[in-house]
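What follows draws every value from the coordinates through simple rules; no lab data is involved. Quantities reported herein were computed from a predicted structural model and do not represent experimental measurements. Methodologically, a virtual Cβ is constructed for each residue, glycine included, from the backbone with ideal geometry; neighbour enumeration extends over all protein chains shown.
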């Protein structure tokens with residue numbers, strides 16, 4: 001068989017392989033995105049635990065023991081969080097069911113006395129108040145279903161924890177993968193790039209932890225000063241959930257408003273004002289200082305990334321928005337550096 005025919009057959013096989021690969025990617029896009037998300041989540045979790053495992057490894061503590069201890073501690077924190085949250089939801093839900101119509105009447109009576117909007121609010125009040133208890137019950141039931149209807153994520157979470165365990169206990173795995181799949185001439189530069197990316201992502205993780213600690217302390221103290229019931233619980237729950245940017249703050253605000261309604265409608269206004277102050281301080285002082293100086297992401301770019309993440313992936317999209325942005329920026333900088341080296345080589 002002539003060399004021309006062999007090249008012709010090889011070209012058609014390559015084209016057919018590309019078409020099949022494109023069809024598989026399009027047909028299984030959702031599955032591929034889920035796999036990429038699991039791998040990325042496992043990488044982030046391993047980066048958060050790796051510094052602790054490396055430090056304890058110097059004291060001859062096996063990495064596997066450290067990872068298991070962190071997992072157990074995380075499980076205890078999760079159980080404690082649920083134990084703290086359930087009484088708040090149950091007690092405040094009962095209070096709203098019994099006192100909700102009366103509180104709603106007080107608020108609408110005050111608002112109805114205002115010019116311009118008073119008549120509109122009065123008509124809404126007359127149509128809404130008879131069914132308020134049922135509506136509150138429906139809202140509470142919906143929230144409970146959302147909170148506890150996450151069974152589909154348990155398998156993904158299990159895979160993430162197992163992969164993270166393997167990544168930490170086998171720190172040489174990335175180098176072996178690079179040695180197996182990447183040409184030797186490119187390996188040193190790729191390893192250097194992965195190391196720099198790893199450091200930036202690790203700094204992002206610890207920046208999120210610092211933001212969560214800020215939220216716990218400030219929110220708990222502020223709600224306690226205002227006299228909101230369950231202030232410490234709300235602050236802790238909101239701070240832990242603030243690992244996902246702005247999700248913890250929104251959840252804490254909902255809990256704080258529900259708790260303050262059982263005291264006074266005026267307290268709700270002060271809670272909202274306090275929440276705005278805390279969030280503005282976080283957005284314009286704390287987060288820019290951490291994101292800009294620690295991981296090199298401009299706050300405006302971070303906000304845009306969070307918006308895109310929320311639109312495309314919901315809560316998970318918000319969580320992955322900033323680290324994905326860090327990866328994209330790092331890849332862009334690496335490409336720019338490669339082009340600069342190529343131009344210098346060409347000119348010389």
> When the scattering of the stretch 196-336 is computed by the Debye formula from its Cα atoms alone, each counted once and equally, what is log10 I(q)/I(0) at q = 0.10, 0.15, 0.16 Å⁻¹?
Replying inline: -0.36, -0.73, -0.81
>> Highest mean first, how do 238-245, 261-268, 30-37 rank when packing is the count of other Cβ atoms within 10 Å averaged over residues?
In response: 238-245, 261-268, 30-37
> Of the peptides 277-290, 66-79, 216-229, how do they stack up when ordered by the mean number of other Cβ atoms within 10 Å, highest first?
Replying inline: 216-229, 277-290, 66-79
> Roughly speaking, what % of Cα-Cα pairs in the stretch 183-246 are separated by over 19 Å, rounded to a whole number?
Replying inline: 51
>> Could you order the peptides 40-49, 165-174 from most to least packed, using the average number of other C-beta atoms within 10 Å per residue?
In response: 40-49, 165-174
